[in-house]
1. Mind checking which residues of the stretch 138-172 are of a type in the set (Val, Ile, Thr) and free of Cβ contacts under 8 Å to residues at least 40 places away in the same chain?
2. What number of residues within the stretch 125-145 satisfy the criterion of being part of a helix (DSSP H, G or I) and exposed (fewer than 14 other Cβ atoms within 10 Å of the Cβ)?
3. Quick check on the stretch 263-283: of everything there that is surrounded by 21 or more Cβ atoms within 10 Å (Cβ to Cβ) and hydroxyl-bearing (Ser, Thr, Tyr), which residue is nearest to Leu386 (Cα to Cα)?
4. Give the residue, chosen from Asp325, Asp383, that is more than 18 Å from the chain's Cα centre (by Cα) and either part of a loop (DSSP other than H, G, I, E, B) or not assigned by TED's automatic domain parsing to the domain that holds Glu424 (or both).
5. Any chance the stretch 284-293 includes a residue that's within 15 Å of the chain's Cα centre (by Cα), surrounded by 20 or more Cβ atoms within 10 Å (Cβ to Cβ) and not in a strand (DSSP E or B)?
6. Of all helices (runs of 4 or more DSSP H) completely enclosed by the stretch 1-104, which ones contain at least 3 residues that are over 21 Å from the mean Cα position of the chain (by Cα)?
7. With crowded, with 23+ Cβ neighbours inside 10 Å, in contact with a Phe, Trp or Tyr (Cβ under 6 Å, 6 or more places away or on another chain), closer than 27 Å to Asp279 by Cα and at pLDDT 95 or above as the only criterion, which of Leu214, Leu224 stands out?
8. Which of the following residues is surrounded by fewer than 20 Cβ atoms within 10 Å (Cβ to Cβ) and either more than 24 Å from the chain's Cα centre (by Cα) or among the hydroxyl-bearing types (Ser, Thr, Tyr) (or both): Ala435, Ala408?
Amino acid sequence: MIESLLVANRGEIARRIIRTAKRLGIRAIAVHSEADADLPFVAEADEAILIGPANPALSYRNTEAILAAAKATGAQAIHPGYGFLSENAEFARTVEASGLIWIGPDADAITAMGDKINARNLMAAAGVPVAPGTTDPAADLDAAVTAAAEIGYPVMVKAAAGGGGMGMGVAVDEAALRTEYDKVRVFAERMFGDGSVLIERYFPRVRHVEVQILGLADGRVVALGERECSVQRRNQKLVEESPSPAVSPELRSRLLAAAVRAGEAVGYRNAGTVECLLDPASGEFFFLEMNTRLQVEHPVTEYVYGIDLVEEQLRVASGLAPTFDPDALTPAGHAIEMRINAEDPKRFFPGPGVIRTWVEPAGDGVRVDSGYTEGNTVTQFYDSLLAKLIITGATRDEVLERAKEAVAGFQVVGPKNNLPFFAELLDNEEFRSGAYDTGIVSRMR
């Protein structure tokens, strides 16, 4: 096992990685911006290095500053968490070229999955179902119009280099496509430095289901069940649960087998997630994308499978066998995660501020992975995620009741927060029935 680990991230995910590292006796090193100097992850690390001002481009995305911190502290390995540089293939290559261990898949796998069109084509070749769509970027508006006519409206217009629900638009006809194509292309060029656009069939009523995979040190790829991620606002997740209430044993078998094929197709190592769209009426599913990193929602899988995914990541990167038997994976129980964000609970607009009161719920089946505490300032520079509230139990019904109590007991005063939204969701009959889809939040509004 590695002996020292630099965490190239912030907030709750940095704190969560540090917790596992320290439990394993690994020296945990934090890097932080000036804005984050007082956050819990900085205090909890064995060593912390200031790497720049609040602007992420000058701190958490500053490759030179992070590598300099690793050298100064004698770190053996770098864990990127999620976001920032976690899916930056060039950063992964630079880390390894510097003689450090990269906690994640190799740069070639990141590159292969980073372009949505290339990823679709690779998956189709590997026998993974993909939705009808373009096999090459729509070079211009005329090409996009031609492709959409062949695919059939409505279509999704997507940034080929995008991710995290960003760079997407829906066109119900040619007039809408002409507007959405230019919007997505301009956004993609600004955000990702790549204006390539993918046209794909859009499914108005669909569920978002993903599979956690782990590429082991011995070359095998295993699937650790599925997560339901259909509660979303602006194509970004708010709630995840495992197992999915929409997935039968037969469908689960097909989903997991397809996810393993996806990982094997790119020689995947370490933790990753294969995201799919599921048509609940037909039981058909289609590959959406692969996230080549640890997911925000990984704790629900940890509970159902009784493992620590960060520990498994560290073991893979160290060339060690997993803590579990890959041939005897037995899931049990149910888990739901809610993303507690500093945002208005109605329109979901960010609402930063000073945290005057912070009281976390406790009790059986309650876990809180938080990035802040009382007295901290939530700034406008970073993602609005304050904490993840994870509720676990033997059955979904038990989890739902525990979740209602936990949400009621979570007190955050200062910045705006979306706890009232979760109180509403947990009383929503569509959600409680389990028969919901990605449109549930818009129907609630």
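1. Within the stretch 138-172, Val145, Thr146, Val170, Val172 qualify.
2. Going through the stretch 125-145 one residue at a time, the tally reaches 2.
3. The extreme case among them is Thr273.
4. Residue meeting the stated conditions: Asp325.
5. yes
6. Output list reads 40-44, 63-73, 89-97.
7. Leu224
8. Ala408
The values are calculated or read from the model by the stated rules, or taken from the named source; none is laboratory data. What you see is a predicted model, and the numbers here were worked out from it, not measured in a lab. Neighbour counts are summed over all protein chains in view; Cβ atoms, including those assigned to glycine, are modelled from backbone coordinates with ideal geometry.
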